[in-house]
Amino acid sequence: MTIAIIGGGICGLTLALNLHQRGIACRVYEAAPELKELGVGITLLPHGMREFTALGLGDQLLRAGIENAESCFFNRFGQLIYKEPRGKRAGYQFPEVGIHRGTLHLALYRAALERLGPGSVVTNRLCVGVEQDEGRARVLFKETSSGGSLPPVPADVVIACDGVNSAVRKQLVGDGVVFTGINTWRGVTRRKPILTGRSYLRIGSMLTGKIVIYPIADDVDGEGNQLINWTTEFKRDTVEMNDWNKPGDIADFISVYESWRFPWLDVAELIAKSDSILEYPMVDKDPLDRWTFGRVTLAGDAAHPMYPRGSNGSAQAVIDARTLADCLAANAEPRDALKAYEAARREATAKVVRTNREHPPDFINIKVEELTGDKPFTNLDDYITQDELRALSESYKRIAGFAVSDVVSPSSSPGRREATRPGDPDRFGTVLPS
Ligand SMILES: Cc1cc2nc3c(=O)[nH]c(=O)nc-3n(C[C@H](O)[C@H](O)[C@H](O)COP(=O)(O)OP(=O)(O)OC[C@H]3O[C@@H](n4cnc5c(N)ncnc54)[C@H](O)[C@@H]3O)c2cc1C
């Protein structure tokens, strides 16, 4: 069986490693002429770390990043709303890790080259379409750098891991991204550790301005400074969609954070001292009824791009990769394998896409802002209890498949699921999806 993987990002490379682990040959075709250490921070949740651990990369990624100890939610006045332990401290078998996205990407790339061989990842190959008949598929490429057409590549199976702007998805279903007025700006700042130095912070709400802050590397200069990742996010009615390819401009968003100078953190200064600023639109796509078209299927962000609010996109992408490899190993007929993969993953990921829109983890911040009338509180219990906030947090984990009881080794039994109350309204009338 020849397998062509389109896109050498997190999903494509993880898929190649999983296939190799099962003795199945494949080749990855990546549009970028060269793979470089790009991007800013990414959080690998325990279910994502489970997958990397199964590929023998867990310890390496943990050493290169920061093991999160806690997740803390604050309002925009710097008051603590809720906090909870994370990763192993919360009883998971696997840690939760903040890491530079480029470090993760290069670790996967190097592992693929070492294990599958130097020709296994072909760069400078921009996929421009896929054709197929009863017997085979053919992938159409241009050389990215020159724009010149290349001979079609035949394959028994084509897996599109070409990300949020997937060319293959566009060809198969013709949809575009959904943008609802939320833009984000991101950066990394070198500074002394904040709180425990292992704290993942969500401050404010996207309605009035939100920032997520977490460390991704320790002692980057021998003076105890960490690399701190931050992402701002807020909704406007009339704003244009940010550009993926343009650097961000601090003047476009700093006014929202100018007054966020708390005794424990000067947010405005953190932003102002960033090494550089990137901008992205907050986009996703409506879940599809179908991912598999004969010998071609979609995976990762090409299949289910989601709002990057629950730190879940990469975990879902690498679970897709492992599931695909398992299905291809178990089925001699590739088209049956792709159908089995889709049956296992499509609805599960659609729930995460919808939940990231409606009830993401920072729903806690939105709820408290609403209950307190967006004012500082004296006693939060007068509005909402810690148990109720914990229930909101646990509900997201269950939907996204990383309640403690869900995150067991892929080889062991799925284990008992926690008792849930999906579908029941809470006392505020919020119905959490099942
Ligand atoms: C701002 C932001 C923050 C995020 N934070 C987190 C986080 O904290 N935790 C988390 O788990 N997830 C996070 N995500 C989501 C995560 O990055 C994605 O879910 C994940 O990268 C999906 O992997 P992928 O391989 O499907 O896509 P990508 O990683 O985007 O890879 C796609 C690859 O395909 C290549 N490609 C594109 N088009 C073509 C083509 N036509 N031909 C050939 N190659 C092509 C691209 O160059 C790229 O290498 C975040 C996303 C964003 C945008």
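The values are calculated or read from the model by the stated rules, or taken from the named source; none is laboratory data. No experiment lies behind these values; they were computed from the predicted model shown. All Cβ positions, even for glycine, are placed from backbone atoms using ideal geometry, and neighbour counts span all protein chains on display. Just the protein is used for accessible areas: all its heavy atoms, side chains included, with ligands, DNA and RNA removed. Shrake-Rupley method; radii C 1.70, N 1.55, O 1.52, S 1.80 Å.
What is the distance in Å between the Cα centres of the stretch 322-387 and the stretch 1-50?
Taking the Cα centre of each part, the stretch 322-387 and the stretch 1-50 sit 22 Å apart.
Considering only protein heavy atoms and a probe of 1.4 Å, how much of the accessible area of the stretch 8-128 is carbon and sulfur, as a whole percent?
Numbers: 2170 of 4530 Å².
Roughly 48 percent of what the probe reaches on the stretch 8-128 is carbon or sulfur.
Enumerate cysteines in the chain without a disulfide-compatible partner, where compatibility requires another Cys Cβ under 4.7 angstrom.
If one checks each Cβ against the other cysteines of the chain, CYS26, CYS72, CYS127, CYS327 turn up with nothing under 4.7 Å.
How large is the Kirkwood hydrodynamic radius of the chain, counting all unique pairs of alpha carbons, in Å?
Values: mean 1/r = 0.0446 Å⁻¹.
Value: 22.4 Å, from the Cα pair sum.
Round to the nearest 10 and give me the degree value, 0 to 90, for the angle of helix 386-399's Cα axis relative to the longest principal axis of the chain.
The two axes meet at around 10 degrees.
Determine the gain in length on full extension of the stretch ILE24-ASN225; use 0.36 nm per residue of separation and subtract their C-alpha separation, reporting nm with one decimal.
Length gained, ILE24 through ASN225: 68.0 nm.
If the elastic network links every pair of Cα atoms under 10 Å, which of GLY148, GLY65, GLY23 fluctuates the most in the Gaussian network model of the chain?
Of GLY148, GLY65, GLY23, the most mobile in the Gaussian network model is GLY148.
Do the sum for the chain: with -39,500 (n - 2.57) for every DSSP H run of n ≥ 4, divided by all residues, what is the mean residue ellipticity at 222 nm, to the nearest 500 deg cm²/dmol? Let's see the in-between values first.
Numbers: 11 runs with 127 residues, N = 434.
Result for the chain: -9000 deg cm²/dmol, rounded to the nearest 500.
For the stretch 5-121, build the charge dipole from Cβ charges (+1 Lys, Arg; -1 Asp, Glu) around the Cα centre, then report which of GLY78, GLY48, LEU104 sits farthest towards its positive end.
GLY78
Could you derive backbone 3J(HN,Hα) for the stretch 197-207 from the dihedral phi with the Karplus parameters 6.51, -1.76 and 1.60 (θ = phi - 60°), listing whole Hz in sequence and x where the residue is Gly or Pro?
Residue by residue, the stretch 197-207 yields x, 9, 9, 9, 10, 10, 10, x, 10, 5, 6 Hz.
Report, to the nearest whole %, how much of the accessible area of the stretch 145-205 belongs to carbon and sulfur atoms, 1.4 Å probe, protein only.
Working: 1290 of 2270 Å².
In the stretch 145-205, the share of accessible area belonging to carbon and sulfur is 57 percent.
Set the Förster radius R0 to 56 Å, insert the Cβ-Cβ distance between ASN165 and ASP382 as r into 1/(1 + (r/R0)^6), and round the FRET efficiency to 0.05.
Numbers: r = 46 Å, r/R0 = 0.83.
The value I calculate is 0.75.
Once you list every other residue whose beta carbon is under 14 Å from the beta carbon of ARG345, what net charge do they have if Lys and Arg are +1 and Asp and Glu are -1?
Details: positive: ARG290, ARG322, LYS339, ARG346, LYS351; negative: GLU51, ASP289, ASP301, ASP320, ASP326, GLU342, GLU347.
Here the charged neighbours net out to -2.
Quote the charge dipole size of the chain about the Cα centre in Debye, to the nearest 20; the model charges only the Cβ of Lys and Arg (+1) and of Asp and Glu (-1). Don't jump to the answer; show the numbers that get you there.
On the way: 52 positive and 56 negative charges, 137 e Å.
In debye, rounded to 20, the chain gives about 660.
Counting only heavy atoms of the protein chains, get the accessible area per residue of the stretch 1-136 (1.4 Å probe) and round it to a whole Å² value. The partial results should precede the final answer.
On the way: 5230 Å² over 136 residues.
Result: 38 Å² per residue.
Kindly report the accessible area of the stretch 270-411 per residue (heavy atoms of protein chains, probe 1.4 Å, no ligands, DNA or RNA), in Å².
36 Å²
Carbon-plus-sulfur fraction of the accessible area of the stretch 241-321, 1.4 Å probe, in percent? Don't jump to the answer; show the numbers that get you there.
Numbers: 1500 of 3070 Å².
Roughly 49 percent, rounded to a whole number.
Please name which of ILE271, VAL212, ALA340 has its Cα lying farthest along the dipole of the stretch 210-359 towards the positive end, using unit charges on Cβ (Lys, Arg +1; Asp, Glu -1) and the Cα centre as origin.
Among ILE271, VAL212, ALA340, the one farthest towards the positive end of the dipole of the stretch 210-359 is ALA340.
For the pair LEU38 and GLN79, how long in nm is the line joining their label points, each one 7 Å along Cα→Cβ?
So the label points at LEU38 and GLN79 sit 4.3 nm apart.
Taking a virtual spin label 7 Å from the Cα of SER259 along the C-beta vector, which residues in the stretch 344-388 bring their backbone nitrogen under 15 Å of it?
The answer is 373-377, whose backbone nitrogens lie closer than 15 Å to the label point.
Leaving out ligands and nucleic acids, and using a 1.4 Å probe, what accessible area per residue does the stretch 147-242 come to in Å²? Before the final figure, lay out the partial values.
Numbers: 3670 Å² over 96 residues.
Roughly 38 Å² per residue, with all protein chains present.
Given a cut-off of under 8 Å on Cα pairs at least six residues apart, what relative contact order in percent is computed for the stretch 39-151?
Working: 149 pairs, mean separation 25.3, N = 113.
Once divided by the residue count of the stretch 39-151, the mean separation gives 22 percent.
To the nearest 10 degrees, how steep is helix 334-358 against the longest Cα principal axis of the chain, on a 0 to 90 scale?
The angle comes out near 20 degrees.
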